[in-house]
Amino acid sequence: MEKLRKMVNQIAYTPPQDRLRALSILQFSLIPLLSLASTLYSFALPLRHRLYHLGLLHKDRLPVPVISVGNLTWGGNGKTPMVEFLAVWLAAVGSSPLILTRGYGGADEAKMLQRHLYGTPVKIGIGANRANTAACFLKRYGHISPCKHGDTGVERLCSDNKQGNCSYSDQIGIAILDDGMQQHISLWRDVEIVMVNAMIPWGNHQLIPLGPLREPLAALTRADTVVIHHADLVSEKDVEAIALEIRKVKKSLPIFLSRLAPLYFLKAGNMSCKLALMDIRNTLVLCVSAIGPTDSFVERIKKLGPAYVDRLDFSDHHLFQAKDIDLIRMRLRNLQSEFARKPVVVVTEKDYDRAPEVLKYLDPYEVLVLCSSLQILPHNGNTEDSFKKCLWQHLEVSNKV
């Protein structure tokens with residue numbers, strides 16, 4: 001199954017003109033089947049939206065504002081880091097955010113969010129049915145209604161719905177919908193943020209499973225703002241080309257840039273032990289990852305200055321098995337033999353949270369976990385402050401603040 005996923009992923013990110021050079025005979029044999037599936041998907045997708053538009057399918061609306069963070073392609077677009085960024089900001093300005101996430105793939109993303117947001121008023125609801133999950137949390141904690149405070153429009157919140165013994169910070173003021181653009185259109189949202197991976201924005205421009213697109217680019221008309229993620233890993237020319245393609249769909253769409261900034265390393269098995277980024281300088285590193293497109297992770301490790309970087313990539317949300325550990329150990333032994341020094345394994349937080357026990361079997365090789373956070377990059381006058389202001393203005397327009 002892992003080999004099949006890798007083959008399909010390569011097809012999705014290979015332009016049609018490069019197929020003869022880049023794809024195997026087996027991959028070519030898969031294209032007609034994938035094409036048929038994509039065609040069927042292309043008919044089902046607008047029908048579903050139409051049914052909601054006509055009111056034949058019901059949309060749930062929460063008593064608090066909802067910010068949706070989604071994307072048009074599968075994996076690697078920075079949705080979870082953006083969700084965390086929003087939660088930290090909203091908690092700091094007086095709201096008590098509720099993150100609604102499915103907990104897919106071993107709940108790696110939810111575990112990472114729980115660790116990062118521990119000790120804050122942020123709540124994390126895990127469940128496939130986001131509306132039901134939200135209802136349970138709202139019943140338990142109550143909710144508050146945002147309002148303007150003073151004449152500055154600062155994001156202060158005041159309570160008009162106290163329930164039981166809930167404290168101000170316990171009551172939910174806003175919901176953040178993780179991966180909500182396609183998966184949970186049954187839940188009304190007040191702001192739609194779309195994340196785009198600058199390194200591989202649209203793949204071969206085909207719908208899944210032939211391509212990586214979960215919706216056509218025309219779906220950007222539903223977006224309120226777009227964030228081009230990993231913008232620091234591509235050229236200015238590439239960023240402008242992506243922005244131009246976005247504005248062809250919706251000219252007025254605000255566009256911001258972001259990056260995933262490395263913060264420090266944690267030792268697998270002892271997550272209380274922090275190491276500085278410079279600690280891997282001049283070392284031998286094997287990057288092991290099972291996230292979306294992994295190039296951004298590897299490139300960031302290279303920028304930290306190790307002597308040599310090797311990589312082992314698995315498909316997104318892959319659950320490591322014993323055979324995978326054997327493969328990793330064999331690669332580590334080969335590296336140690338070739339360079340006459342012991343390599344270090346570096347994984348992402350999502351990979352660690354998905355399989356913390358399995359990674360212990362790599363002993364005596366050290367496993368480090370890279371911790372990062374999303375940053376909004378200044379570009380064409382847009383800054384982190386203007387990004388927050390843009391979101392708040394959309395909430396004001398929705399008559400929720």
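The values are calculated or read from the model by the stated rules, or taken from the named source; none is laboratory data. Remember, predicted model here, so these are calculated numbers, not experimental data. Ideal geometry is used to build each Cβ from the backbone, glycine not excepted, and the neighbour counts take in all protein chains shown. Only protein heavy atoms, including side chains, enter the accessible area calculation; ligands, DNA and RNA are left aside. Shrake-Rupley method; radii C 1.70, N 1.55, O 1.52, S 1.80 Å.
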Helices (runs of 4 or more DSSP H) enclosed by the stretch 1-68 - at least 3 residues per element that are of a type in the set (Gly, Ala, Ser): 25-53
Residue within the stretch 131-141 that is open to solvent by 30 Å² or more (accessible area, probe 1.4 Å), at pLDDT below 95, on the phi < 0 side of the Ramachandran plot and not in a helix (DSSP H, G or I) present: no
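Kindly state which strands (runs of 3 or more DSSP E) lie completely within the stretch 238-325 and contain at least 3 residues that are aromatic (Phe, Trp, Tyr). First the steps, then the outcome.
Working: elements: 255-267, 270-275, 284-289, 308-313.
In the stretch 238-325, the matching strands (runs of 3 or more DSSP E) lie at 255-267.
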Which listed residue, of PRO356, PRO364, is closer than 14 Å to LYS267 by Cα, of a type outside the set (S, T, N, Q) and free of Cβ contacts under 8 Å to residues at least 40 places away in the same chain: PRO364
Some residue of the stretch 270-284 being within 28 Å of VAL196 (Cα to Cα), without any contact (Cβ under 8 Å) to a residue 60 or more places away in the chain and over 19 Å from the mean Cα position of the chain (by Cα): yes
Subset of the stretch 249-281 [farther than 20 Å from GLY76 by Cα, touching an Asp or Glu at 6+ places or on another chain (Cβ under 9 Å) and among the charged types (D, E, K, R)]: LYS267
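Go through SER272, SER289 for me and flag whichever is open to solvent by 70 Å² or more (accessible area, probe 1.4 Å) and among the small types (Gly, Ala, Ser). I'd like the intermediate steps shown before the answer.
Numbers: SER289 fails: open to solvent by 70 Å² or more (accessible area, probe 1.4 Å).
Of SER272, SER289, the one residue that is open to solvent by 70 Å² or more (accessible area, probe 1.4 Å) and among the small types (Gly, Ala, Ser) is SER272.
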PRO121, sole failed condition from (1) at pLDDT below 70; (2) open to solvent by 30 Å² or more (accessible area, probe 1.4 Å): (1)
Filter pass, ARG333 being on the phi < 0 side of the Ramachandran plot, open to solvent by 50 Å² or more (accessible area, probe 1.4 Å) and among the charged types (D, E, K, R): yes
Sole residue being at negative phi, free of Cβ contacts under 8 Å to residues at least 12 places away in the same chain and out of contact with any helix residue (DSSP H, G or I) (no Cβ under 6 Å at 6 or more places or on another chain), chosen from SER35, SER24, SER29: SER29
When residues of the stretch 199-229 are limited to those that are part of a strand (DSSP E or B) and in contact (Cβ under 8 Å) with a residue 60 or more places away in the chain, the one most open to solvent (accessible area, probe 1.4 Å): LEU207
Qualifying residue in the stretch 147-162 (condition: more than 17 Å from ASN77 (Cα to Cα), open to solvent by less than 30 Å² (accessible area, probe 1.4 Å), modelled with pLDDT under 85 and part of a strand (DSSP E or B)): yes
Residue that is farthest from ARG214 (Cα to Cα) [pool: residues in the stretch 1-55 that are open to solvent by 70 Å² or more (accessible area, probe 1.4 Å) and among the aromatic types (Phe, Trp, Tyr)]: PHE28
Close pairs from the stretch 230-249: first touching a residue at least 12 places away in the same chain (Cβ under 8 Å) and open to solvent by less than 70 Å² (accessible area, probe 1.4 Å), partner in a helix (DSSP H, G or I) and acidic (Asp, Glu), Cβ under 9 Å, at least 6 apart: HIS230/ASP295; HIS230/GLU299; ALA231/ASP238; LEU233/ASP295; LEU233/GLU299
Considering residues of the stretch 376-386 that are under 30 Å from MET278 (Cα atoms) and surrounded by 15 or more Cβ atoms within 10 Å (Cβ to Cβ) only, the residue modelled with the lowest pLDDT: HIS379
Any chance LEU370 is under 21 Å from LEU253 (Cβ atoms), open to solvent by less than 30 Å² (accessible area, probe 1.4 Å) and within 22 Å of the chain's Cα centre (by Cα): no
LYS389 open to solvent by 30 Å² or more (accessible area, probe 1.4 Å), more than 30 Å from PHE320 (Cα to Cα), basic (Lys, Arg) and not in a strand (DSSP E or B): yes
Among (1) closer than 22 Å to LEU263 by Cα; (2) at pLDDT 90 or above; (3) of a type in the set (Gly, Ala, Ser) - the single one SER337 does not satisfy: (1)
Unique match (being at pLDDT below 90 and surrounded by fewer than 18 Cβ atoms within 10 Å (Cβ to Cβ)) among GLY75, GLY94: GLY75
